[in-house]
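Coordinate-derived values only; no laboratory data. Keep in mind it's a predicted model, so treat the numbers as computed, not measured. Cβ coordinates were reconstructed from backbone atoms using ideal geometry, including for glycine residues, and neighbour counts include every protein chain displayed.
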Amino acid sequence: MLSKSQARTFFLGGTVITFAIFLGLSWNSLSNAVPKQTHEENLTSQVVRGKHLWESNNCMGCHTIFGEGAYYAPELTKVIDRRGAPFVKAVLTSKAPWAPNGRKMVAYGFSDNDAEDLIAFFTWIGGVDLNGFPPKPDLKQ
Amino acid sequence: MKYKSQQVAYWFFALSMLLLALQIIYGFIMGFAHMGYDGLHEVIPFNTARAVHTNLLVVWILSGFMGAAYYIIPEEAENELVNVKLAYIQLITLALVGVAAIIGYHFNYWEGRKFLEIPRPLDYLVVINVLTFLGLILATLFKGKKRTTTSLVLTMGLVFAALLYLPGMIWFDNQTMDSFFRWWVVHLWVEGVWELIMGGILAFLLIKITGVDREVIEKWLYVIVGLTFISGILGTGHHYYYIGVDKTWLIVGGIFSAMEPLAFLGMALFAVAMYRKGEKKHPNKTALNWTLGTAIVSFVGAGLLGLAHTLPQVNLYTHGTLVTAMHGHLAFWGAYGMIVFAIIAYTMPNMTGRKLYNTNTGLLAFWLSNIGMLGMTVAFGVAGVAQVYLERKVGIEFGLVQKEIQVHFFILICCATLFTTGITLYMYEFIKYGRPTNEALVD
Ligand code: HEM
Ligand code: HEM
Ligand SMILES: [Fe+2]
């Protein structure tokens, strides 16, 4: 039967090996895949300002982006494709609560500039190659 | 209880219970909002309630882990805690930082990254706090007479958990990079180092409750934490499928994360086998229930319900839906909520000297909370599967689908009420135990 020291070797050895592989794969993804798949060349300072706004208002506390976040409000990865920029801008700058289907969004009333920054962020997000996410609804008539 | 300083644990457990009570309140706020009753929207919008709910969860679990360590390490190392006063200061500052963060969330002051919402300045305070905690634990361990496998695994888990907090504090301009490293914290915590902490506490409890030889228990502990890391580290890939990195992760993440349930299966089999094998039957039945319960429910919630959506072909459709919330609830509850409840149930009689080993209240608390949480899991699951089908397969708009599934949140709230009744009974018993006393010291 397995002895305690063999069990310890299994634990330590397994950890070191898988962790080394993990670091290698991560390195590969971050240095090769990310610049290409996310089109880093389009990551302008306006997009970065948009990301700041996205975070400082915790939009992820209701919505998802890349499928990450909360499940109270729609997935926004492809929102510009779906709705178009003018629609999104109207929602972001509205001072009255936007409440489609009765579910309220916080009325941020963003300035024109801030709304443009967020739209730049969404546009960049929408261009990221996500290996097929979100899926096409294949049962749609 | 052999060492006077173990009493510190009581206050960490008390903080833990208090924060859990608050967490549940914010859970109800969200449950009602999903059902269409968002009357608090102006004061506590959904994103505030959510940040509070999940952050309180993490802090009450961590406070429970810290209490467990303050109880277990002196006993295993055979040494009083090196500095009791510092431990109390650490407790109070932990509570203050937590409260400050929670208040901030009500005033749009946060970082807005799921689970890591704590604003940057408070992050630094968290780091200092945790370093103090680790300093105390490590000094106690290394000045002690013994360094058992149980205490080493527990300590290793705590140290790694602290280290893994750091990647979450790096700022990235690129959302993909941001997400990539957020998972080093979130995933490598719950499916990696926290399992070491859980395994360490579980081993300690099994040694005490079943009386099986330490060597046997600790051997299996190594096997379990070995399985955890071998599957869990590369299993991080199941969060990299659809965030803008290469497809290598679809294969690596798919295969290794599908093996993650083995560690939880190992824990369940191990706990049940040790219970059967043990000759000594400890009279603390409540602690036994929670100990076996955590091993089994974590296998269901984390292992099986994790497996249910971990393959890339499935995850493409379920990613970021209520299916995730279904799994998140039973996994967190079974693995980390219940292990904290188990260590509290075991230590309270030892610290206070009152032997409420086998009460009806304790039994009812166990069953009501577990049945309630299972019901909540089913409610989230049904809502989630319906959402995936209608939204991702049929292509109906998000808002219309949400209206369609509102009714499941009524069921959720009913089950949550059952759950809360169980928790209330547990807390009632916690209070009934009273405070720790020196009279409870034994050699
Ligand atoms: C105690 C252990 C576990 C806990 C506490 C836990 C908890 C969670 C939580 C809270 C999330 C949501 C995270 C987020 O979106 O930020 C999540 C996601 C996920 N978990 Fe777990 N989990 C555990 C174990 C597992 C295991 C063992 C598996 C696989 C076999 C698994 C598979 C997944 C998957 C695939 C997702 C992503 C869902 C999505 O794409 O939206 N989990 N887990
Ligand atoms: C009793 C009452 C509870 C209710 C009504 C409740 C309800 C909810 C709701 C509605 C959400 C948000 C889902 C969304 O984003 O739309 C949520 C999130 C969450 N809750 Fe609870 N909850 C309760 C208790 C708990 C407990 C006891 C735990 C842990 C042990 C827990 C862990 C979580 C986690 C981890 C998330 C995030 C899930 C994810 O992002 O996938 N909750 N809860
Ligand atoms: Fe994970």
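For chain A, list the DSSP H helices whose alpha carbon atoms reach 20 Å or more along the long axis and whose average Kyte-Doolittle value is 1.0 or above? Answer set is empty.
Could you list B:Tyr70, B:Tyr26, B:Tyr275, B:Tyr88 in order of exposure, starting from the residue whose Cβ has the fewest other Cβ atoms within 10 Å? Mind showing how you got there, number by number?
Numbers: B:Tyr70 28, B:Tyr26 22, B:Tyr275 17, B:Tyr88 12.
Going from sparsest to densest Cβ surroundings: B:Tyr88, B:Tyr275, B:Tyr26, B:Tyr70.
Each stretch of four or more DSSP H residues adds -39500 (n - 2.57); spread over every residue of chain B, this sum gives -24000 deg cm²/dmol at 222 nm. Give the cross-link partners of A:Lys95 among the lysines, using a straight C-alpha distance below 23 Å as the criterion and excluding same-chain residues fewer than 8 apart. Correct list for A:Lys95: A:Lys51, A:Lys104.
Each of B:Glu279 and A:Asp129 was given a label point 7 Å from its Cα along the Cα-to-Cβ line. The distance between the two points is 6.6 nm. 3J(HN,Hα) along region B:197-204, derived from phi through the Karplus expression 6.51 cos²θ - 1.76 cosθ + 1.60 where θ = phi - 60°, amounts to 4, 4, x, x, 5, 4, 4, 4 Hz, with x in place of Gly and Pro.
Across peptide B:324-333, the mean count of Cβ atoms from other chains lying within 10 Å of each residue's own Cβ comes to 1. Within the straight-line cut-off of under 18 Å between alpha carbons, the lysines reachable from B:Lys393 are A:Lys78, A:Lys136, A:Lys140, B:Lys403, sequence neighbours fewer than 8 places apart in one chain being disregarded. Comparing A:Ala20, A:Ala90, A:Ala107 in a Gaussian network model of chain A (Cα springs below 10 Å), the most mobile by mean-square fluctuation is A:Ala20.
Here each label is just a point 7 Å from Cα along the line to Cβ, and for B:Glu404 and B:Leu269 those points are 4.2 nm apart.
When both region B:327-404 and region B:42-120 are represented by their alpha-carbon centers, they are found 21 Å apart. For B:Lys277, give me every one of the lysines with a C-alpha distance below 28 angstrom, ignoring sequence neighbours fewer than eight places off in its own chain. Cα-Cα hits under 28 Å: A:Lys4, B:Lys2, B:Lys146, B:Lys208, B:Lys219, B:Lys285, B:Lys355. Here the extension length gained between B:Asp443 and B:Leu18 equals 149.8 nm, from 0.36 nm per residue of separation less the Cα-Cα distance. Amide H to amide H under 5 Å from A:Glu75: which residues, 5+ apart in sequence or cross-chain, H placed 1.01 Å off N in plane? Under 5 Å from the amide H of A:Glu75: A:Thr64.
As an exercise, use a Förster radius of 35 Å and the Cβ-Cβ distance of B:Phe142 and A:Leu2 to find the FRET efficiency, rounded to the nearest 0.05. The pair B:Phe142/A:Leu2 has a calculated efficiency of 0.75.
Can you give the translational diffusion coefficient of the protein assembly as shown in µm²/s, computed by Stokes-Einstein from the Kirkwood radius over Cα pairs at 4 °C and 1.567 mPa s?
53 µm²/s
When a/c reaches 1.5 or more, the comparison of a/b and b/c decides; with that in mind, is region A:40-141 rounded, prolate or oblate per its Cα gyration tensor? Oblate, since a/c reaches 1.5 and b/c is not below a/b.
Normalized C-alpha radius of gyration of chain B, against 2.2 N^0.38 Å? Could the numbers behind the result be given before it?
On the way: Rg = 21.2 Å, N = 443, 2.2 N^0.38 = 22.3 Å.
Computed over Cα atoms of chain B, the ratio equals 0.95.
If R0 is taken as 45 Å, the Cβ-Cβ distance between B:Ile25 and B:Lys355 corresponds to a FRET efficiency of 0.90.
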